[in-house]
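Chemist: This is the structure I have questions about; it appears just below.
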Ligand code: ADP
Ligand code: ASP
Ligand code: MG
């Protein structure tokens with residue numbers, strides 16, 4: 001007997017026909033006494049559509065974060081009910097559970113919640129009755145019982161965390177690609193499928209924009225030592241295993257992959273005093289508003305007047321909130337103003353092999369230079385190099401870097 005957690009993303013359950021196909025596939029592959037937990041996302045673009053609805057009411061709906069969660073959690077609830085009906089209509093006993101009923105506890109950070117604990121007693125109880133258990137991804141409840149969502153792509157995290165808490169034998173993420181590639185195959189034509197990738201490298205790819213897995217889900221896999229199998233909903237073939245270490249030798253490249261992210265915006269607080277404590281004055285209210293900041297640059301603009309500019313990026317979803325916070329800070333600091341640039345994107349090369357290999361960075365910059373792409377901001381970690389470029393040049397930049405390290409035969 002095996003306990004298996006399977007997660008199906010939005011495109012896998014986009015129509016009622018697809019929902020029925022998911023149920024059929026699970027029943028076809030299920031051994032008689034397997035215990036199956038299915039985590040599902042909202043159907044197709046439902047989450048985006050719900051956000052658009054909220055934007056029809058107010059320009060910055062995320063300021064009403066609890067109500068956003070009340071709204072967004074409905075998407076997954078539609079899917080769990082329909083998938084459960086599909087199983088039952090096929091003669092398989094099944095039950096749907098919201099995040100709360102499945103014991104997914106979170107902190108109270110609405111729309112960006114973290115799972116704090118999982119008490120899956122009800123899940124076990126239902127599995128022991130021979131039922132397939134269908135759990136709403138992307139959601140949990142805080143101490144007060146209020147709904148909290150886990151950030152975009154959060155169903156991945158629900159699935160891996162639940163697999164960990166249930167001590168599942170496997171965790172499979174079914175999606176619309178057949179595995180993890182060396183770059184987003186929608187962006188880079190020659191992207192290559194990997195058979196395995198380590199948690200460390202996948203986490204960095206995900207953090208830098210590879211939307212195939214939510215970064216926190218990879219952290220959960222690492223924490224619980226659960227290998228994650230990412231594979232296609234629509235084909236049977238093996239996908240990619242995310243695990244601790246490589247177990248086979250694949251053709252080696254100097255980098256593991258390229259990630260891109262155009263859901264970023266650049267902000268500049270201009271003409272601020274170049275004195276101690278100013279960075280703190282800018283970034284602590286952003287932190288209080290739970291807005292993460294990336295790619296920070298402080299420049300000396302006018303040494304004589306001792307003023308400087310602080311330039312950095314935030315996630316696009318956070319832009320209205322960040323701008324509102326910074327307008328207040330700018331007033332307080334007597335800054336010249338706050339500038340916003342939306343046409344930007346981050347393109348990154350990722351790979352544990354670049355540690356201590358300075359040649360990699362220069363090849364990344366060379367590839368971009370040859371493609372005529374200007375780099376606005378650069379940042380590095382031990383296993384990645386990221387460049388901020390113009391948004392409309394993201395695709396060309398990702399392809400240029402990919403071609404440099406994964407030459408076409
Ligand atoms: P789901 O709805 O199943 O969660 P997502 O849209 O969140 O699916 O994630 C799958 C998408 O991730 C793919 O369609 C692909 O365009 C994108 N993606 C980005 N980077 C990668 C990568 N390195 N490998 C595979 N897919 C990637
Ligand atoms: N439905 C949510 C989203 O679109 C969660 C997910 O799909 O993982 O972000
Ligand atoms: Mg996803």
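The values are calculated or read from the model by the stated rules, or taken from the named source; none is laboratory data. Quick caveat, the model's predicted, so the values are computed rather than measured. Note that each Cβ is placed from the backbone with ideal geometry, even for glycine, and that neighbours are counted across all protein chains shown.
Chemist: Look through 67, 17 and report the one residue that is part of a helix (DSSP H, G or I), away from ligand 2 (no atom under 15 Å from the Cβ) and within 23 Å of the chain's Cα centre (by Cα). Lay out the reasoning, then the answer.
Modeler: Details: 17 fails: within 23 Å of the chain's Cα centre (by Cα).
Criteria check complete, one pass: 67.
Chemist: State whether the residues of region 336-349 include one that is part of a loop (DSSP other than H, G, I, E, B), over 29 Å from the mean Cα position of the chain (by Cα) and surrounded by fewer than 21 Cβ atoms within 10 Å (Cβ to Cβ).
Modeler: Initially, region 336-349 is screened for residues part of a loop (DSSP other than H, G, I, E, B), giving 336, 342-343.
Within this subset, residues satisfying the condition of being over 29 Å from the mean Cα position of the chain (by Cα) are 336.
Within this subset, residues satisfying the condition of being surrounded by fewer than 21 Cβ atoms within 10 Å (Cβ to Cβ) are 336.
Yes: one or more hits.
Chemist: Looking at region 21-56 only, could you name the residues that are in contact (Cβ under 8 Å) with a residue 40 or more places away in the chain, surrounded by fewer than 16 Cβ atoms within 10 Å (Cβ to Cβ) and within 19 Å of residue 153 (Cα to Cα)?
Modeler: Result: no residue meets the conditions.
Chemist: Read through the list (1) assigned to a helix (DSSP H, G or I); (2) more than 21 Å from the chain's Cα centre (by Cα); (3) surrounded by 15 or more Cβ atoms within 10 Å (Cβ to Cβ), then give the number of the only condition that residue 322 fails.
Modeler: Result: residue 322 fails condition (2) only.
Chemist: Can you report the number of residues in region 363-380 which are touching a helix residue (DSSP H, G or I) at 6+ places or on another chain (Cβ under 9 Å) and assigned to a loop (DSSP other than H, G, I, E, B)?
Modeler: Within region 363-380, residues that are touching a helix residue (DSSP H, G or I) at 6+ places or on another chain (Cβ under 9 Å) and assigned to a loop (DSSP other than H, G, I, E, B) number 5.
Chemist: Mind checking whether some residue in region 224-237 is under 24 Å from the mean Cα position of the chain (by Cα), in a helix (DSSP H, G or I), in contact (Cβ under 8 Å) with a residue 12 or more places away in the chain and closer than 29 Å to residue 9 by Cβ?
Modeler: Scanning region 224-237 turns up at least one residue that is under 24 Å from the mean Cα position of the chain (by Cα), in a helix (DSSP H, G or I), in contact (Cβ under 8 Å) with a residue 12 or more places away in the chain and closer than 29 Å to residue 9 by Cβ.
Chemist: Assigned to a strand (DSSP E or B), free of Cβ contacts under 8 Å to residues at least 60 places away in the same chain, within 13 Å of residue 335 (Cβ to Cβ) and touching a strand residue (DSSP E or B) at 6+ places or on another chain (Cβ under 6 Å) - does that describe any residue in region 269-283?
Modeler: Taking region 269-283 and keeping what is assigned to a strand (DSSP E or B), we get 269-273.
Narrowing the set further to residues that are free of Cβ contacts under 8 Å to residues at least 60 places away in the same chain leaves none.
No, region 269-283 has no match at all.
Chemist: Could you tell me which of the residues 298, 214, 222 is within 22 Å of residue 381 (Cα to Cα), touching a helix residue (DSSP H, G or I) at 6+ places or on another chain (Cβ under 9 Å) and modelled with pLDDT under 95? Step through it out loud before you land on a result.
Modeler: Details: 214 fails: modelled with pLDDT under 95; 222 fails: modelled with pLDDT under 95.
Result: 298 is the single residue among 298, 214, 222 that is within 22 Å of residue 381 (Cα to Cα), touching a helix residue (DSSP H, G or I) at 6+ places or on another chain (Cβ under 9 Å) and modelled with pLDDT under 95.
Chemist: Report yes if residue 247 is within 18 Å of residue 10 (Cα to Cα), in contact (Cβ under 8 Å) with a residue 24 or more places away in the chain, more than 12 Å from ligand 1 (Cβ to nearest atom) and in a loop (DSSP other than H, G, I, E, B), otherwise no. Before you say what the answer is, go through the steps one by one.
Modeler: Numbers: within 18 Å of residue 10 (Cα to Cα): no; in contact (Cβ under 8 Å) with a residue 24 or more places away in the chain: yes; more than 12 Å from ligand 1 (Cβ to nearest atom): yes; in a loop (DSSP other than H, G, I, E, B): yes.
When the stated conditions are applied, residue 247 does not pass them.
Chemist: A further question follows. Residue 95: touching a strand residue (DSSP E or B) at 6+ places or on another chain (Cβ under 8 Å) and either surrounded by fewer than 20 Cβ atoms within 10 Å (Cβ to Cβ) or not in a helix (DSSP H, G or I) (or both), yes or no? Quick ask: steps written out before the conclusion?
Modeler: Values: touching a strand residue (DSSP E or B) at 6+ places or on another chain (Cβ under 8 Å): yes; either surrounded by fewer than 20 Cβ atoms within 10 Å (Cβ to Cβ) or not in a helix (DSSP H, G or I) (or both): yes.
Yes, satisfied.
Chemist: Surrounded by 15 or more Cβ atoms within 10 Å (Cβ to Cβ), in contact (Cβ under 8 Å) with a residue 60 or more places away in the chain, closer than 23 Å to residue 124 by Cβ and touching a strand residue (DSSP E or B) at 6+ places or on another chain (Cβ under 9 Å), is that true of residue 77? Walk me through it before giving the result.
Modeler: Numbers: surrounded by 15 or more Cβ atoms within 10 Å (Cβ to Cβ): yes; in contact (Cβ under 8 Å) with a residue 60 or more places away in the chain: no; closer than 23 Å to residue 124 by Cβ: yes; touching a strand residue (DSSP E or B) at 6+ places or on another chain (Cβ under 9 Å): yes.
Considered against the rule, which asks whether it is surrounded by 15 or more Cβ atoms within 10 Å (Cβ to Cβ), in contact (Cβ under 8 Å) with a residue 60 or more places away in the chain, closer than 23 Å to residue 124 by Cβ and touching a strand residue (DSSP E or B) at 6+ places or on another chain (Cβ under 9 Å), residue 77 comes out as no.
Chemist: Name the single residue, out of those in region 57-74 being touching a residue at least 60 places away in the same chain (Cβ under 8 Å) and crowded, with 16+ Cβ neighbours inside 10 Å, that is nearest to residue 321 (Cα to Cα). It would help to see each step written out before you state the result.
Modeler: The first filter runs over region 57-74 and keeps only residues touching a residue at least 60 places away in the same chain (Cβ under 8 Å), leaving 59-60, 62-63, 66, 68-70, 72-73.
Those still in the list that are crowded, with 16+ Cβ neighbours inside 10 Å too: 62, 68-69, 72-73.
Numbers: 62: 8, 68: 14, 69: 17, 72: 19, 73: 22 Å.
Within region 57-74, the match that is nearest to residue 321 (Cα to Cα) is 62.
Chemist: Further question: Which residue is farthest from the chain's Cα centre (by Cα), if the candidates are limited to region 1-14 and must be touching a residue at least 60 places away in the same chain (Cβ under 8 Å) and part of a loop (DSSP other than H, G, I, E, B)?
Modeler: The qualifying residue farthest from the chain's Cα centre (by Cα) is 2.
Chemist: Which one is nearest to ligand 2 (Cβ to nearest atom) among residues in region 238-258 that are more than 26 Å from residue 169 (Cβ to Cβ) and under 18 Å from the mean Cα position of the chain (by Cα)?
Modeler: Among those that are more than 26 Å from residue 169 (Cβ to Cβ) and under 18 Å from the mean Cα position of the chain (by Cα), it is 257.
Chemist: Which residue, of 165, 161, is in contact with a strand residue (DSSP E or B) (Cβ under 7 Å, 6 or more places away or on another chain), within 16 Å of ligand 3 (Cβ to nearest atom) and in contact (Cβ under 8 Å) with a residue 40 or more places away in the chain?
Modeler: Numbers: 165 fails: within 16 Å of ligand 3 (Cβ to nearest atom).
It is 161.
Chemist: Filter region 196-222 for residues that are assigned to a loop (DSSP other than H, G, I, E, B) and within 18 Å of residue 176 (Cα to Cα); which is nearest to ligand 2 (Cβ to nearest atom)?
Modeler: Filtering region 196-222 for residues assigned to a loop (DSSP other than H, G, I, E, B) gives 208-214.
Narrowing the set further to residues that are within 18 Å of residue 176 (Cα to Cα) leaves 209-214.
Working: 209: 14, 210: 14, 211: 9, 212: 11, 213: 10, 214: 7 Å.
Among those that are assigned to a loop (DSSP other than H, G, I, E, B) and within 18 Å of residue 176 (Cα to Cα), it is 214.
Chemist: Just a yes or no: is a residue in region 250-258 part of a strand (DSSP E or B), touching a helix residue (DSSP H, G or I) at 6+ places or on another chain (Cβ under 6 Å) and closer than 30 Å to residue 393 by Cα? I'd like the intermediate steps shown before the answer.
Modeler: Within region 250-258, the subset part of a strand (DSSP E or B) is 257-258.
Still in the running and touching a helix residue (DSSP H, G or I) at 6+ places or on another chain (Cβ under 6 Å): 257-258.
Still in the list and also closer than 30 Å to residue 393 by Cα: 257-258.
Yes.
Chemist: Of 391, 372, 366, which residue is surrounded by fewer than 21 Cβ atoms within 10 Å (Cβ to Cβ), on the phi > 0 side of the Ramachandran plot and modelled with pLDDT of 95 or more?
Modeler: On the way: 391 fails: on the phi > 0 side of the Ramachandran plot; 366 fails: on the phi > 0 side of the Ramachandran plot.
Result of the check over 391, 372, 366: 372.
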